[in-house]
Structure formats: structure tokens, C-alpha cells
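Participant: Dropping the structure in here first, questions after.
The values are calculated or read from the model by the stated rules, or taken from the named source; none is laboratory data. Values in this document were obtained by computation on a predicted structure and should not be read as measured data. Neighbour counts run over all protein chains shown; Cβ positions are idealised from the backbone, glycine included. What goes into the accessible areas is simple: the full protein's heavy atoms, side chains included, and nothing from ligands, DNA or RNA. Shrake-Rupley method; radii C 1.70, N 1.55, O 1.52, S 1.80 Å.
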Amino acid sequence: MPCEELKVALVHASISWKEKDKNIARLLALNREAAQNGARLIVNTELATTGYAFLSRKEIAPLTESIPGPTTEAFGLIANEFGCYICIGLAEHDMRTGIFYNSAALLGPTKGVAARYRKLSPAFRENLWAAKGNLPVPVVQTEFGALGMVICADSYSYRPARIAALQGARILLVPANWPPEHHNPERFWRARSLENGIYVLACNRTGMDKTMDCNGAQSFIVNPQGETVAQMSSPDDTIIYGSLPLNGVTTQNALSGRRPQCYGNITLDPYSHISIDFLLGLPQAADFTAATLQLCSEPRNVVENTKRAIRLIDDALAKAAREKGTTINLVVLPELSTSGAIFGAEVAEICSEEIPGKVTDLFSQKAGERDLFIVLGMAERDELGFYNSSVLIGPDGIVGKYRAVHLSWRDRNWASPGDGGFAAYDLPFARIGMLIGHDLLFPEAADSLAKLGADVLCVPALWDDAKSRFIWEARLSEQMHLAVANQWGDCAGLQAIGESLLCSYSRFQEKVIRLSSPPTGDAINIARLGTKDSREKRFLENIDYDVLLDLSNAGKSSNGSQRRPKK
């Protein structure tokens, strides 16, 4: 039976570049100390035995070894003596092929090497010596639940962690060598926890590598709600301890809302093509101005809410002209802008309309007058039911619409999930994709649009959980500009948190533009964006899509509507 509480340890150590014997001796002492202090699960850093920055196979070759091998045997003795599990990163030499890998091994109390993982996407200068990993994401059954294992930048993508969770992992081990100045990893590690309902134990390192200062790097213990429960940075060797309550921890709630039947686009690989613009037929690369508009809708008052939203569009255009000397090309309004929050079919009957309809006609008129494109969140109805929808409106009328594929608990009381999947739409200056706020908890949704070539992810939102808002920016790992327009204040009893976000995507952190609205009050964010960065996408493709798209459990999803049939 799984234990009720698990003591864990992260060995946040100073790793000396190219001094393998010294590193192993230090790490053995630290791991023994952690085990003596009762840690049942111990995680070490990435490339813990060698350091990180090597420029060739020749340079790292003397430091590589097989798995199993001398290092795993030495740490396995500690695991056996104390009845614990130890995860450690090392440079692996496959003796059969001569190929080198950035690998991690999990040592168990009785089995020696319980699992081995090869980093799927070597990062930075690892590409000069390490091959891409060719092993499945491991999941190991233990007396305290199943363990998954990935390495450092593989957690930047949602895919390996998702595969581990879908195979039952309750705890994800992440040996890392992530310097503090490169895209703060905290939001990605927290996202992997929240998306999957799992613990993440991310063990970073300290010290000075050959060319990399890791003294400010941080290690994290994150709970299944995506909350950081331990966080440490130290210039000295440090053991970070934590106790994980395991009773009641299940991935089912986090995973049950998935709709893999809608995720087929994630298997596409257009970005390996030499000319992505030609292959996908993208609009010509251009710069453009986008805006998020934040408002608080009055419950059930569609007429007044529509007028208010249109006035806010005019305010945004005036602000852009006054402060930036430019016009706006694209505005994004919040989820259910014209109705406020909806909790039942009776209100949906009052506040919804067909698309096109009177409301969309008014926004089409404004788009035509001001020569811009509008993304509007609204309640839609047709002869079959109600939908939480987003509609894209341009100078010539409706361009397209999206019905929320993933429904929140409140949406399930009145709306049906969209079955049309995800679609991207071409504007004169960019290709855009649309989601609804709750979809951001499901990375496959954004990934589907990224694979279709979307430059901008437009998200009308009605978000009321400040603790989980960080997941918005985690979606930048799907490599699109991000525009989240949220409501604020009391929306029919739901307290929306505001803080609308307009954020550019770039592989270079110093180029990222990030604008956030205050928690309360109508607000406007305006930014100049370009499509060049959003078309330099790279995806982790050497993964098992059969696991990600397995439909055998799709019928257990709780995402279907629970509302009464529309009369």
C-alpha cells in the first residue's frame, strides 16, 4: 500500500566542471546524509557527475559511462542500504552503438537501476555531443506510488510530463541544470504539476560551470495544485527536504477533462519543413498592434454590456493614437463579455444568441468603421444547445468562431462542449487561434493551434483563481504571442481577478514584451507584435503520440454538459 506521507530530498550541489571523481565523492556523501535523515526519494541534478558545458564528443568522452555502470552501482549501494530511491543525471555512453546521451538513472532499493531516461531534446551546447533520447518516458511503480522522470528542458514542453501522468505517475523527478537568467523555469515546473495533478521535484544545481554561473539557480518542490512548497537557491551544497502528503493525491481530476479526440493536430510536424510560410500558406510576415480589453460585465444585461464593450474599443483606439501614434489591428475582449458569468440554462436562454446575430452585427459594424479585427467572447446558441464561444469579427463581418472544447465546472451547468476542434484564421497581418479561458489548463489546445501555424493565441477569459493564473504565461512554451482578456470584479457572484495579459513570444528573454492589467477596473493593454519570432517554432517530436492520444479513457471525461436540454 502507498505510504501516507513521503520524505523527499533534493541535492542542490555545486558541480565542478570536468572533475568527475570529485563530484561523485561529494554527491555520495550528500546522498548518504539525505538517506540517513530519512529521505525515501532523493533527486540529484542533471549531468551531476561531469558538469554541463562540453563542446564536442571528444571533450566529454573520458567522462561518459554505461548505465548500469560504476556510478549507478555506487549510488545503488546507498539506495539498497537505506531502502530509498535515488535519481541522478550523468553522461551515458551506449557501449553497443558508441552514442552519447544526456541521461538520468533511477536507483531502487532492490533492483539496482529501476529506470533509465535519455533527454529527448538536448539543449544549448548539449547538441555538440549528445544525441536525442530514444527511450520512452519511464514510469516506475514503487511502494509510495508511481514515479516519472524527465530531464531539465524536456519539462519546457508539456508532452513528456503528460505522458508520465497518463501512465499513472504521481511524482515527476526533474534533474536540471537551468541557469537563472534563461526563461525562469518555475512557471513551467508549476504548470507541469497543475496540468497533471502531480508533484514535481526539480533539482537544480549551484556553482560555476565552465561558462555558466549557476549560483543563483533554484530548486523546487511543487504540489499537485501547482503551488511551490519548497524553493531554494544557495551558493553552497544544500539538501532541500520536503514531506509529500500522498493520501488523496490523484491525477484523475486534472486529466479527466482532456478530450484527446480533438487533439489530432498535435501530431503534425510542419516546422521541420525548410519553408514553413510556404508549406502552411501563412500570411506575409508583418508587424501589427494588438490590444486586450478588460471589463466587468453586468449580469444578464446584454444591451448595456455590448455598448460598454464597444465604448472600450473606441477608448483603446484613442489611447493608441494618443500615446503611441498608431492604430490597433486586433482587439481581444473577455469571455462572456455580453452576459457575464452564466450558471444555468435559464440565464443562457436569456443571454445567448445565434452567430451571426444582433450582437455580432453591432461589433461587425464597429470593425468596419474602424478597420480592425475583434475577438469577442459570448454565449452562443443553436438548435441543439448552448456554447461558450469566441467569435472573430473583421471589417467584412464574421471571419470564424470557436466553441470551448474544455468546459469549466460552471460551464457544464449550461453549455455543451464544442466538437469542432481547433482552427486558425488568417488575417492580413497574422494567423490567429482562439481559445476560451479554461482551455489554458489543457496544453494540447494551444499546441494544436501552434501546429497549425498560429502566430497569436487570443483568449477571452473569465478567470477567478489567482493562484492558477501563472498557467497563462506557461502557454508561451507553445511559441505564440499571447493575448488573454479577462473580466474583473463581481460577475454574477463570481469574483473575476482581472490582470489581463498581453505578452509577446521570443526565444530570447530580453526581447519579450509583457503587459498586465491591474486586478480591478476596466483596462487596456496595447503592444506592437511581429510574426517573425512566432514562426521560428521548434517542437519536441520524438515522443509517444499513442499515449497522448489514447481514446480508451476518453469516455470517462467529466467535461460533458450537465445542463438541462434546451427547450
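Residues checked against (1) assigned to a strand (DSSP E or B); (2) buried (at least 24 other Cβ atoms within 10 Å of the Cβ):
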| residue | (1), (2) |
| --- | --- |
| Leu336 | no, yes |
| Ile342 | no, yes |
| Gln365 | no, no |
| Leu376 | yes, yes |
| Ile398 | yes, no |
| Tyr402 | yes, yes |
| Ser408 | no, no |
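Participant: What are the residues in the range 485-497 that are more than 20 Å from Gly226 (Cα to Cα) and either touching a residue at least 60 places away in the same chain (Cβ under 8 Å) or open to solvent by less than 10 Å² (accessible area, probe 1.4 Å) (or both), if any?
Facilitator: Result: Ala485, Asn486, Gln487, Trp488, Gly489, Asp490, Cys491, Ala492, Gly493, Leu494.
Participant: In the range 439-475, what residues are within 22 Å of Leu330 (Cα to Cα) and open to solvent by 10 Å² or more (accessible area, probe 1.4 Å)?
Facilitator: Looking only at the range 439-475, we keep the residues that are within 22 Å of Leu330 (Cα to Cα), and these are 439-440, 445-463, 472-473, 475.
Answer for the range 439-475, where residues must be within 22 Å of Leu330 (Cα to Cα) and open to solvent by 10 Å² or more (accessible area, probe 1.4 Å): Leu452, Trp463, Glu473.
Participant: Residue by residue through the range 205-260, note down the ones that are of a type in the set (Ser, Thr, Tyr) and in contact with a strand residue (DSSP E or B) (Cβ under 9 Å, 6 or more places away or on another chain).
Facilitator: Answer for the range 205-260, where residues must be of a type in the set (Ser, Thr, Tyr) and in contact with a strand residue (DSSP E or B) (Cβ under 9 Å, 6 or more places away or on another chain): Thr206, Ser219, Thr228, Ser233, Ser234, Thr238, Tyr241, Ser243.
Participant: Same structure again: Which fully enclosed helices (runs of 4 or more DSSP H) of the range 9-111 have 1 or more residues being of a type in the set (Lys, Arg)?
Facilitator: 20-36, 57-60
Participant: Out of Ala104, Ala48, Ala39, Ala35, which single residue is touching a strand residue (DSSP E or B) at 6+ places or on another chain (Cβ under 6 Å) and under 19 Å from Phe144 (Cα atoms)? Break it down stepwise before answering.
Facilitator: Details: Ala104 fails: under 19 Å from Phe144 (Cα atoms); Ala48 fails: under 19 Å from Phe144 (Cα atoms); Ala35 fails: touching a strand residue (DSSP E or B) at 6+ places or on another chain (Cβ under 6 Å).
Sole residue among the options that is touching a strand residue (DSSP E or B) at 6+ places or on another chain (Cβ under 6 Å) and under 19 Å from Phe144 (Cα atoms): Ala39.
Participant: Moving on to the next point. In the list Phe422, Phe429, which residue meets the criterion of being at pLDDT 95 or above, touching a Ser or Thr at 6+ places or on another chain (Cβ under 6 Å), aromatic (Phe, Trp, Tyr) and open to solvent by 10 Å² or more (accessible area, probe 1.4 Å)?
Facilitator: Phe422
Participant: Within the group Leu244, Leu279, which residue is outside any loop (DSSP other than H, G, I, E, B) and either surrounded by 22 or more Cβ atoms within 10 Å (Cβ to Cβ) or in contact with a Cys (Cβ under 6 Å, 6 or more places away or on another chain) (or both)?
Facilitator: Matching residue, one of Leu244, Leu279: Leu244.
Participant: Scan the range 520-530 and tell me whether some residue there is in the same structural domain as Gly433 (by the TED database), in a loop (DSSP other than H, G, I, E, B) and modelled with pLDDT under 90.
Facilitator: No, the range 520-530 has no match at all.
Participant: Please work out which one of (1) in contact with a Cys (Cβ under 7 Å, 6 or more places away or on another chain); (2) over 24 Å from Asn525 (Cα atoms); (3) not polar (S, T, N, Q) is the condition Ala341 fails and give its number.
Facilitator: (2)
Participant: Scan the range 101-121 residue by residue and report those that are open to solvent by less than 30 Å² (accessible area, probe 1.4 Å) and farther than 27 Å from Leu30 by Cα.
Facilitator: Correct list: Leu120 only.
Participant: Right, here's the next one. Looking only at strands (runs of 3 or more DSSP E) that lie completely in the range 144-236, which have at least 3 residues being open to solvent by 10 Å² or more (accessible area, probe 1.4 Å)?
Facilitator: Those strands (runs of 3 or more DSSP E) span 228-232.
Participant: So the check is Cβ under 8 Å with 6+ separation or different chains; which pairs have a first residue in the range 278-301 that's over 30 Å from Gly493 (Cα atoms) and a second one that's aromatic (Phe, Trp, Tyr) and in a loop (DSSP other than H, G, I, E, B)?
Facilitator: Listed pairs, sorted by first residue: Pro283/Phe429; Ala286/Phe429; Asp287/Phe429; Phe288/Phe429.
Participant: Looking at Ala48 and the list (1) more than 23 Å from Asp237 (Cα to Cα); (2) in contact (Cβ under 8 Å) with a residue 12 or more places away in the chain, which single condition is not satisfied?
Facilitator: Unmet condition: (1).
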